[in-house]
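Everything below concerns the one structure shown next.
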Amino acid sequence: MLKVENVYKTYNSGIVKRRQLPVLNDISFEIPSGISVGLMGDSGCGKSTLARILIGLLNADSGRVIFDGRDISELSGIEKKKFRRKMQIVFQNPESSLNPRMTILQNMLEPMIIQKLYSTTEQKSIVLEKIKTVGLSDNLLLRYPREISGGEAQRIVLARILTLNPSFIILDEPTSMLDMSVQAQILDLLKRLQAELNLTYLLISHDKRVVEWFTEQTYLLKNGTLHKERSEKHKGLS
Amino acid sequence: MGSDIIIKNLNIKFLRKDGDIHAVKDVSVEFKAGQVTGIVGESGSGKSVLGMSILQLLPENAEVSGKITYSGMNILLKNEKQMREIRGNKIALIPQSPSESLNPSMKIGNQVSEIFRHHKRQSRHEALKSSECILEEFHLLDVPRCMSSYGFQLSGGMKQRVVSSFGIAANPHWVIADEPTKGMDRVLETQITEVLGEISKRTNMLIITHNLMLAQELCDRIIVMHNGCIIEKGDSNIFKNPLHPYTEGLVKSMPENGMVPMPFAQQKQNNNSCGICSWCHDKSDICTMEKPPLFKVAGRLVRCFQYAQSGKRL
């Protein structure tokens, strides 16, 4: 499904004296369809940089990211828009992922409007369907993000992503801002959705216990290089 | 080390156009001087609201009733001017997010010295000296450089140490630490636990957290809150042998215990129940009809009808 080949990334810093900070050094790995892969590493090691390169939010200095057989850097504007539907990302802080000036309903409709998908009636029925999928009530739809809890906001972010029917989701520290009970609920929900919708996940986390519980294969990013930590058969749902 | 904080029949409601939220429901509790007390619970359980009510730092739409006694005075009757004398001097706060708590346009040295100038009436020079001393106590490397830096130039651990120094700068009797490890990685979490451990040796402390391990490690007494109520209260062994099904659920949802999820909270909860009836395995008919009182069982307080026979009703 996703193949990363020899990716390099260096950041430049300093105004007067330019310095180069290599972040990713010859990164290559592959993620087959329908499994969960973990990416661990200390704060600032480049995990999120790699995630942004995978999703096309950041360009690598060199190397290729191949998704469903196509190099994402070679996609045209329309193809890139379609690609973005298939690959989605969940960020660490759910509150800052939602527009505070929009209601939950408006937040959830926005990706479908941008992608010009479905009629208005269909869009609303998809929102109702997806909000039920993540176990929330439709009476949240007219509230604003500040009026819901962190766990509810993260489930709204997930429901919003699901409106686009993605096949690959990058989970960038999706539970680190949530308490432990909500963390277990969200990870369990993600596992159920994976089984139902055949989703592929890349879970980025600094919590080894969470990564080991959630994923079948783990990589460690250290000093810019990737180390394969573990490869096991599917562990099954809790 | 100072006086106890005694809370009696505290009710806190947030008044809203689309229906009030009863965040803290008839809570009575004593925070004893000389002990570190931890309040744990999931988001929305009312733990932070309870902590902030002690400092009167609630939003304007909060309606507070009950009594919070400290040093023989009811804090809830104090006006803003009187509260300013209490905040920092008597009861201080270590806020939730160090990045958001630091002023991005002020150097660290000036921010710390502000506390000494305001609360201790020190001169600018004296205040800077005192700031240097207090930052050194928190084992910050290269204190002069840190004092002349801005918040965004420091690492997460350094920022938390600076914010923690705010808490004890004026030598308060009590420090309230609100979610001190939220969103931090394990390395940082360990550092912060050390810092909090140091603070707890010199002052009384109330730690509000969802991190059960942090509470277990640092606290002498632990209070578990759910849906605005205290549902279990005991010593630091509470998580080794939880009595309330909700506390048991919290323990099981920890990564080291297999992350067994509790069902998602219901949108509308019946006020005449304990709030977990929809999924509790030990529920009986009375659980859906009546809100359980606290029962005293084996040195603990538990709000669950399964202890109605073995426990003493309070």
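General observations
- Some residue of the range A:195-214 being open to solvent by 20 Å² or more (accessible area, probe 1.4 Å) and touching a helix residue (DSSP H, G or I) at 6+ places or on another chain (Cβ under 6 Å): yes
- Residue within the range B:141-160 that is buried (at least 23 other Cβ atoms within 10 Å of the Cβ) and either in contact with a strand residue (DSSP E or B) (Cβ under 7 Å, 6 or more places away or on another chain) or without any contact (Cβ under 8 Å) to a residue 24 or more places away in the chain (or both) present: no
- Between B:232, B:198, B:194, B:217, the distinction of being modelled with pLDDT of 90 or more, away from chain A (no Cβ under 14 Å) and assigned to a helix (DSSP H, G or I) belongs to B:217 only.
- Only listed residue being within 14 Å of another protein chain (Cβ to nearest Cβ), surrounded by 18 or more Cβ atoms within 10 Å (Cβ to Cβ) and over 15 Å from the mean Cα position of the chain (by Cα), chosen from A:190, A:178: A:178
- Subset of the range A:160-190 (residues that are within 24 Å of residue B:16 (Cβ to Cβ) and assigned to a helix (DSSP H, G or I)): A:182
- Residue check, residue B:53 surrounded by fewer than 21 Cβ atoms within 10 Å (Cβ to Cβ), hydroxyl-bearing (Ser, Thr, Tyr) and not in a loop (DSSP other than H, G, I, E, B): no
- Residue among A:63, A:56, A:69, A:44 that alone is more than 26 Å from residue A:209 (Cβ to Cβ) and either open to solvent by 60 Å² or more (accessible area, probe 1.4 Å) or of a type in the set (A, V, I, L, M) (or both): A:69
- Of all the listed residues (B:301, B:250, B:243), the sole one being part of a helix (DSSP H, G or I), surrounded by 19 or more Cβ atoms within 10 Å (Cβ to Cβ), of a type in the set (A, V, I, L, M) and in contact (Cβ under 8 Å) with a residue 60 or more places away in the chain is B:250.
- Within the range A:116-140, the residues that satisfy the criterion of being over 23 Å from the mean Cα position of the chain (by Cα) and either of a type outside the set (Gly, Ala, Ser) or away from every other protein chain (no Cβ under 11 Å) (or both) are A:118, A:119, A:120, A:121, A:122, A:124, A:125, A:138, A:139, A:140.
- Applying the criterion of being within 14 Å of another protein chain (Cβ to nearest Cβ) and at pLDDT 95 or above to the residues of the range B:9-39, the residue that is surrounded by the most Cβ atoms within 10 Å (Cβ to Cβ) is B:39.
- Residue A:155 being more than 10 Å from chain B (Cβ to nearest Cβ), crowded, with 20+ Cβ neighbours inside 10 Å, part of a helix (DSSP H, G or I) and not aliphatic (A, V, I, L, M): no
The values are calculated or read from the model by the stated rules, or taken from the named source; none is laboratory data. If you're wondering where the values come from, they're calculated on a predicted model, not measured in any experiment. Counting neighbours? That spans all protein chains shown, and the Cβs are built from the backbone with ideal geometry, glycine included. Areas reflect the complete protein model, heavy atoms only, side chains present, ligands, DNA and RNA absent. Shrake-Rupley method; radii C 1.70, N 1.55, O 1.52, S 1.80 Å.
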